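None of the figures in this text is laboratory data; all of them are computed from the coordinates on show. Computed from a predicted model, the values in this text were never measured in an experiment. Ideal geometry is used to build each Cβ from the backbone, glycine not excepted, and the neighbour counts take in all protein chains shown.
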Amino acid sequence: MITVTSNIYDVVSQMSDGAVETFHNVTWDEYEELLEQVGEARGLRISFNNRTLKVMSLSLEHETYADFIKRLVSVLSLRLRINIRFSGSATMRKKKKSKGNEPDAGFYVQTASVIGNRLDLDFAVDPPPDVVVEIDIHHDSTDNYPIYAALGVPEIWRYDGWQAAIYHLKGNEYVEVEASLALPMITPAILSEYLTRMRQEGEFAAIIAFDEWLQSLPQ
């Protein structure tokens with residue numbers, strides 16, 4: 001871990017794939033300045049929690065898993081005619097709580113109609129995604145859970161490269177559960193199965209198999 005007081009961007013801009021850097025005693029203004037410096041298309045995930053700033057650079061493997069989960073949810077939305085709004089890795093932050101984070105993916109399901117077609121979301125007033133995704137093949141995202149809890153995220157899907165888990169927010173903590181609240185047909189076993197099939201059979205074959213499974217569900 002590194003303690004810095006200036007020029008965080010110089011360190012962040014030289015990070016290798018899958019690396020994690022943690023900075024302490026960072027102000028909210030410095031956090032927001034870094035977000036502006038690196039921009040949206042940067043291959044990074046940045047979190048902020050009470051003056052502790054963590055930056056993770058992404059690997060191709062990391063992005064492949066995250067993109068595949070988004071594809072699964074997109075197929076589910078179309079096949080089952082469920083309105084799902086995708087929020088990607090948009091930065092969620094609230095200055096009053098001194099917390100901010102960027103998931104690997106985010107979905108609005110129960111509150112999709114609240115968001116509607118708006119492209120400009122303000123997480124200071126808009127609800128957070130109903131589901132966020134964390135891919136934990138190079139790092140442990142559990143230290144970000146207090147951030148998500150403070151931001152009011154109801155559900156987390158986590159994948160460590162082998163097994164998936166789903167967590168629901170109960171009070172101020174996340175509890176591991178057996179099925180998604182937003183999409184009850186999705187369980188940790190289902191996520192794990194199709195992510196494994198993606199790795200073994202390829203993305204296209206795994207997506208086709210997932211779609212066939214969706215068609216087999218009771219109407």
(message) If packing is taken as the average number of other Cβ atoms within 10 Å across a peptide's residues, how do 142-150, 210-218, 27-35 rank, most packed first?
(response) 142-150, 27-35, 210-218
(request) Report the label-to-label distance for LYS96 and ASP17 in nanometres (one decimal), using points 7 Å from each Cα along the Cα→Cβ vector. (result) 4.2
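So, counting K/R as plus one and D/E as minus one, what does the shell of residues with Cβ under 11 Å around VAL177 add up to? Write down the numbers at each step before the final one.
Working: positive: LYS170; negative: GLU155, GLU176, GLU178.
That works out to -2.
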(request) Towards the positive end of the charge dipole of the chain, with charges on Cβ (+1 Lys, Arg; -1 Asp, Glu), say which of GLY43, ALA150, ILE69 has the farthest Cα. (result) ALA150
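Using Cβ counts within 10 Å as a stand-in for footprinting exposure, how do VAL55, VAL175 rank, fewest first?
On the way: VAL55 22, VAL175 10.
Least to most surrounded, the residues fall as VAL175, VAL55.
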(message) With 10 angstrom as the radius, rank ILE166, ILE208, ILE186, ILE135 by how many other C-beta atoms surround their C-beta, starting from the fewest.
(response) ILE208, ILE186, ILE166, ILE135
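So for segment 60-216, what are the equivalent ellipsoid semi-axes in whole Å, largest first, each being the square root of 5 times an eigenvalue of the Cα gyration tensor? Can you show the working numbers first?
Values: eigenvalues 124, 64, 39 Å².
Calculated on Cα positions only, the semi-axes equal 25, 18, 14 Å.
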(request) Please name whichever of PHE123, ILE190, ALA105 sits farthest to the positive end of the charge dipole of segment 60-216, dipole taken about the Cα centre and charges placed at Cβ: Lys and Arg +1, Asp and Glu -1. (result) PHE123
(request) Rounded to the nearest 10 degrees, what's the angle between the helix 203-216 long axis and the longest principal axis of the chain, both from Cα atoms, 0 to 90? (result) 50
(request) Determine the alpha carbon to alpha carbon distance for each of LYS70/LYS99; LYS54/LYS99; LYS70/LYS94 and list only those over 23 Å. (result) LYS70/LYS99; LYS70/LYS94
(message) Just to be sure I understand the model, the point goes 7 Å from the Cα along the line to the Cβ. What's the resulting ASP67 to ILE115 distance in nm?
(response) 2.0
(request) Could you tell me the largest-minus-smallest coordinate of the C-alpha atoms of segment 1-142 on each of the three principal axes, in descending order and whole angstroms? (result) 50, 34, 24
(message) Taking the alpha-carbon distance from LYS170 and a cut-off under 20 Å, which aspartates and glutamates remain once sequence neighbours fewer than 8 residues away in the same chain are dropped?
(response) ASP130, GLU134, ASP143, GLU155, GLU178
(request) Would you give the gap between the C-alpha center of segment 131-153 and the C-alpha center of segment 31-64, rounded to a whole Å? (result) 13
(request) Report the extension gain between VAL175 and GLU33 in nm, rounded to one decimal, defined as 0.36 nm multiplied by the number of residues separating them, less their alpha carbon distance. (result) 47.7 nm
(message) Can you classify segment 60-136 as rounded, prolate or oblate using the Cα gyration tensor, where a ≥ b ≥ c are the square roots of its eigenvalues, rounded means a/c under 1.5, and otherwise it's prolate if a/b beats b/c and oblate if not?
(response) oblate
(request) Let me know the charge dipole size of the chain about its Cα centre in debye, to the nearest 20, where only the beta-carbon of Lys, Arg (+1) and Asp, Glu (-1) is charged. (result) 640
(message) Testing the spin-label approximation: label points 7 Å from Cα along Cα→Cβ at THR196 and ASN83. State their distance in nm.
(response) 3.7
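Please compute the contact order of the chain in relative form: average sequence separation of alpha-carbon pairs under 8 Å and at least six residues apart, divided by the residue count, as a percent. Walk me through the numbers before you get to the answer.
On the way: 353 pairs, mean separation 31.6, N = 219.
Over the chain, the number comes to 14 percent.
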(request) Rank PRO103, PRO127, PRO184 by mean-square fluctuation in a GNM of the chain with C-alpha springs under 10 angstrom and give only the top-ranked residue. (result) PRO184
(message) Just to confirm a number: summing +1 for Lys and Arg and -1 for Asp and Glu over residues other than GLU21 whose beta-carbon lies under 12 angstrom from that of GLU21, what do you get?
(response) +1
